[in-house]
1. Here are the criteria: (1) over 20 Å from VAL134 (Cβ atoms); (2) in contact with a Lys or Arg (Cβ under 8 Å, 6 or more places away or on another chain). Tell me which single one ILE67 does not satisfy.
2. Out of the range 9-25, which residues are surrounded by 12 or more Cβ atoms within 10 Å (Cβ to Cβ), modelled with pLDDT of 90 or more and small (Gly, Ala, Ser)?
3. If SER36 passes every condition in (1) within 22 Å of LYS88 (Cα to Cα); (2) of a type outside the set (Asp, Glu); (3) open to solvent by 10 Å² or more (accessible area, probe 1.4 Å); (4) touching a residue at least 60 places away in the same chain (Cβ under 8 Å) but one, which one does it miss?
4. Condition first: on the phi > 0 side of the Ramachandran plot and either of a type in the set (Asp, Glu) or outside any strand (DSSP E or B) (or both). Can you find one or more residues in the range 60-70 that meet it?
5. So which residues in the range 72-119 are within 19 Å of ASP15 (Cα to Cα), among the charged types (D, E, K, R) and either under 14 Å from the mean Cα position of the chain (by Cα) or not in a strand (DSSP E or B) (or both), if there are any at all?
6. In the range 81-119, which residue that is of a type in the set (S, T, N, Q) and farther than 17 Å from TYR31 by Cα is most open to solvent (accessible area, probe 1.4 Å)?
7. Could you please let me know if VAL91 is more than 23 Å from PRO38 (Cβ to Cβ), out of contact with any Pro (no Cβ under 7 Å at 6 or more places or on another chain) and among the β-branched types (Val, Ile, Thr)?
8. When LEU122 is evaluated against the numbered criteria (1) within 18 Å of GLN27 (Cβ to Cβ); (2) not in a loop (DSSP other than H, G, I, E, B), which criterion, by number, is the only one it fails?
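The values are calculated or read from the model by the stated rules, or taken from the named source; none is laboratory data. Here the structure is a predicted model, which means the values were calculated and not measured. Don't worry about glycine lacking a Cβ; one is built from the backbone with ideal geometry, like all the others, and counts go over all protein chains shown. Just the protein is used for accessible areas: all its heavy atoms, side chains included, with ligands, DNA and RNA removed. Shrake-Rupley method; radii C 1.70, N 1.55, O 1.52, S 1.80 Å.
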Amino acid sequence: MDFPFTTEVDAWVWDTVTSLSGHDESQHLEYKATISPPDDLVSDETEWKRKIEREITAFANANGGIIVFGVDDGGNPSPFERPSHEIKQSVTRFIQNTRPLVDVDIPDPIEVPSDDTDRIILPVRIYEADRKPVLTGDAAVY
């Protein structure tokens with residue numbers, strides 16, 4: 001991956017997030033506005049989760065990549081409310097049915113530098129799989 005910022009998501013700070021606006025999504029970088037299905041998709045929550053799982057396995061089957069939750073499709077920060085459960089559980093749920101299990105790096109979330117909100121952004125690094133192909137929960141390859 002060739003980015004002007006580190007792929008070590010543990011080292012990301014708010015400035016790293018704001019620098020994304022100059023970078024389009026690619027085969028190594030994906031943006032998601034939220035880590036939960038948008039309110040208007042409640043009836044299709046399962047399909048939304050499958051789509052995330054497919055993108056994660058596609059990164060694992062290729063050369064790896066980064067999904068940034070809390071950034072819109074244009075690369076602009078779009079922080080989301082911190083879930084009531086541990087944030088790492090949200091990502092773990094996306095990969096729990098992959099075979100072999102996808103290797104990811106889930107850092108602590110990046111908090112918006114403001115006292116007026118407790119919204120967060122979460123970059124997740126997906127590593128290239130050692131054993132390929134990686135299958136989704138429904139045995140598909142992406």
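1. With (1) over 20 Å from VAL134 (Cβ atoms); (2) in contact with a Lys or Arg (Cβ under 8 Å, 6 or more places away or on another chain) applied to ILE67, the lone miss is (1).
2. The answer is SER19, and nothing else.
3. So SER36 meets the others, but not (4).
4. yes
5. ASP72, ASP73, ASP108, ASP115, ASP116, ASP118, ARG119
6. The qualifying residue most open to solvent (accessible area, probe 1.4 Å) is SER84.
7. no
8. (1)
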